[in-house]
1. Mind counting the residues in segment 42-66 that are of a type in the set (D, E, K, R) and either farther than 30 Å from residue 151 by Cα or assigned to a loop (DSSP other than H, G, I, E, B) (or both)?
2. Residues that are over 17 Å from residue 462 (Cβ atoms): find the helices (runs of 4 or more DSSP H) completely inside segment 623-686 holding 1 or more of those.
3. Residue pairs, Cβ under 8 Å, 6 or more apart or interchain, first in segment 520-531 and modelled with pLDDT of 90 or more, second exposed (fewer than 11 other Cβ atoms within 10 Å of the Cβ). List them.
4. Can you tell me which residues in segment 571-585 are more than 18 Å from residue 602 (Cα to Cα) and either under 25 Å from the mean Cα position of the chain (by Cα) or free of Cβ contacts under 8 Å to residues at least 60 places away in the same chain (or both)?
5. Given the residues 378, 428, 419, 387, which is the only one that is at pLDDT below 90 and in the same structural domain as residue 32 (by TED's automatic domain parsing)?
6. Does residue 277 qualify as being over 30 Å from residue 402 (Cβ atoms), assigned to a loop (DSSP other than H, G, I, E, B) and in contact with a Gly (Cβ under 8 Å, 6 or more places away or on another chain)?
7. Of all residues in segment 536-587 being surrounded by 18 or more Cβ atoms within 10 Å (Cβ to Cβ) and of a type in the set (S, T, N, Q), which is farthest from residue 524 (Cα to Cα)?
8. Check residue 313 against each of (1) assigned by TED's automatic domain parsing to the domain that holds residue 207; (2) in contact with a Ser or Thr (Cβ under 8 Å, 6 or more places away or on another chain); (3) among the charged types (D, E, K, R) and name the one condition it does not meet.
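The values are calculated or read from the model by the stated rules, or taken from the named source; none is laboratory data. Computed from a predicted model, the values in this text were never measured in an experiment. Because the Cβ atoms are built from the backbone with ideal geometry, glycine has one as well, and the counts that use them run over all protein chains shown.
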Amino acid sequence: MNPEERRRSGSYYTPAGLVRDIVRTGLESVLVGRLGLTPTAAERWIYAGEPPSHAPDVGRLTVLDPAVGSGAFLLGALDELAALRGSVCPAPRPALRRAILATSLYGVDLKPTAVRLTELRLWLALVADDEESDLAQLTPLPNLDGQVRSGDALLDPLTAAVALGGGVAIAGSAREVRRLAQARREVYDLTGVAKRRALNELARAEAGLSADLLSRAQASLEARIRTTVAAARERDLFGRPRGLDADGRRLLKNLREGRRSLRAAARRIAREGEAPFFSFESHFGDVMSRGGFDLVLGNPPWVRGERLPARVREALTIRYPSWRASGRRGFAHTPDLAVAFVDRALELVAAPGGTAALLVPAKLASSGYAEPLRRRLASTTRVERAAALDVGASAFAAAVYPMALVVTRADPAPEAQTATALGPRSRAAGIPQRQLEAAGPWILTPHATKVAGRLRAAFPMLGERWIPRLGLKTGADDVFLTAEPGPWTRPAIRGRDIGAWTAEARIHVVWAYNGEGRPLAALPSELEPWLAAHVVQLRRRADYRAGPPWQLFRVGLAVARHRVIWPDLARRLQAAVPSPAQVPLNTTYGIATRTLEDALALSSLLNSRWLTALACLRADPARGGFRRFNAGVVRGLPIPPAEAPGWKRLIEAGRRRHVDEDAIADLLELDASDRRVLSRVAPDPL
């Protein structure tokens with residue numbers, strides 16, 4: 001793919017070894033959750049090829065990739081299912097694979113070219129097994145039209161109506177479901193004229209089931225509309241209609257738009273005799289009528305929320321319970337599309353015991369926007385694996401940071417463990433799942449997690465004493481930032497300008513403020529020619545509301561007398577105490593302290609390898625080994641109380657620009673084992 005198209009669509013080819021590991025991990029969970037094997041028996045069957053004495057029939061398992069791409073995960077599932085079935089009942093490999101492909105593998109992708117590519121790769125996998133050298137004798141390739149479909153796995157009018165109608169699932173009639181299943185079975189092996197007739201029957205069966213489902217969904221919306229309108233017409237104590245608030249009006253608008261979409265789709269079915277859109281409930285209705293798929297796996301698109309059209313973001317917010325922007329402003333807090341795919345996977349897997357095994361951005365373990373998803377997973381599913389993978393650019397030819405997420409639809413047991421690596425479960429390190437239920441990021445380094453948990457219980461958090469905040473925002477850098485100093489400028493500090501103990505200004509900011517930190521009511525003669533020419537531009541800044549147009553935003557750190565600052569993006573925490581004249585810009589974070597002594601002590605702590613290690617457990621990864629040490633990360637760091645013995649040593653170390661690692665470890669009560677664990681997490685010391 002063109003690199004820009006690949007980045008825009010969030011499409012990344014998954015290496016074969018990683019596909020195999022994720023497929024095996026997902027099947028291991030399915031064998032336990034759906035087929036009732038013990039974890040030991042499932043592991044031996046998957047990894048050692050040793051089936052249990054009374055092996056269950058894996059031929060009835062159903063596997064789906066909802067964003068099939070090039071078909072890598074379906075190919076991986078084909079290999080692993082063939083190995084499982086072959087270890088129980090040896091059979092010719094081509095026949096075994098054809099049987100699996102006919103009944104077990106399903107795929108969907110938004111792009112028709114991806115569907116064709118997947119079909120081609122599955123066909124080639126069958127041809128490669130056939131030892132027949134006479135082309136005329138080769139068994140005709142099967143028709144995959146019923147198994148691999150082009151469509152939108154996330155958004156369609158039918159499931160949107162289900163969400164608007166109260167989330168009650170809508171099932172098609174048993175007769176239409178049976179008709180669909182029969183049509184798919186018949187189309188698989190046919191050729192020529194018989195194939196065309198079977199494909200037409202499959203299309204009619206899908207249309208019939210779609211029409212039935214649309215009728216039921218429309219009735220559900222009609223009922224919700226009537227209830228909403230009736231509530232608005234109810235009278236209050238003074239006899240006036242209660243009406244609808246903003247949320248109610250928005251709901252009614254969406255309900256009516258959904259009804260219009262369903263009516264239009266029903267008219268199209270009546271006119272053209274074909275299903276007007278893809279839907280799992282119609283095109284794979286026989287699988288969904290049995291509760292869903294046993295295993296949903298894949299590498300769904302990683303697309304940041306700001307790259308999605310506004311209408312799509314709104315639809316995802318309505319449709320998926322976990323797709324919610326965090327409480328903060330800005331696109332950086334808009335969920336990744338992978339969040340919606342995890343929600344959708346949980347809907348598509350059968351309960352109890354169905355499993356979703358997905359490759360997702362590692363940020364889902366730590367970002368604020370994924371907090372609703374983490375809460376849902378930790379409290380309502382069994383989180384089998386949450387494994388941050390150290391593959392990155394070498395494996396994906398892109399700066400991506402993946403995590404293998406494997407969850408089973410089952411209530412978590414009190415003693416449930418979440419493995420933090422792929423491979424055989426018995427060899428993978430794990431953490432208690434109950435640790436994932438707490439608010440905040442998931443810390444997935446097992447031994448370091450224990451140390452961090454003990455420190456959180458024993459010491460106050462930094463955020464309980466100080467408020468980390470982002471540096472100054474101009475909203476118009478081309479107007480306010482200059483390379484040359486002047487009478488109305490101050491030296492400005494960017495994140496790249498900060499090292500441990502040092503903050504070297506390489507740029508200056510125009511500062512139209514008085515000594516009390518308030519914007520000037522009128523511009524001095526030196527600034528008048530420059531800033532007055534940009535007044536219109538300055539009034540159009542997103543943060544501007546009223547007052548002098550030359551004002552700046554988030555000036556708290558700039559006017560504070562004592563500060564400690566650090567870059568938002570770095571390989572390790574690096575803190576400095578800037579001079580009073582320096583202005584931290586918005587690629588820095590900082591804390592305003594009441595005294596210089598507190599700033600010096602805090603800089604000593606933040607420059608230590610121990611707090612760097614604890615911060616790395618929570619910080620999102622970025623390109624080139626960097627991490628994002630934002631306010632939330634630093635706010636959650638443990639610190640000794642100011643009255644603790646040794647606090648004065650931190651102040652003196654700060655004056656000398658020196659990190660006394662042993663003194664800080666003693667203050668945090670870290671024993672030799674704790675220090676070894678955290679040393680493995682932190683980058684090399686300063």
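1. Qualifying residue count for the region: 4.
2. Counting at least 1 such residues, we get 647-655, 661-667, 672-681.
3. From segment 520-531, the pairs are 520/514.
4. 571
5. That would be 428, the only listed residue that is at pLDDT below 90 and in the same structural domain as residue 32 (by TED's automatic domain parsing).
6. Taking the combined requirement at face value, the residue satisfies it.
7. Ranking the candidates gives 574 first.
8. All conditions are met except number (1).
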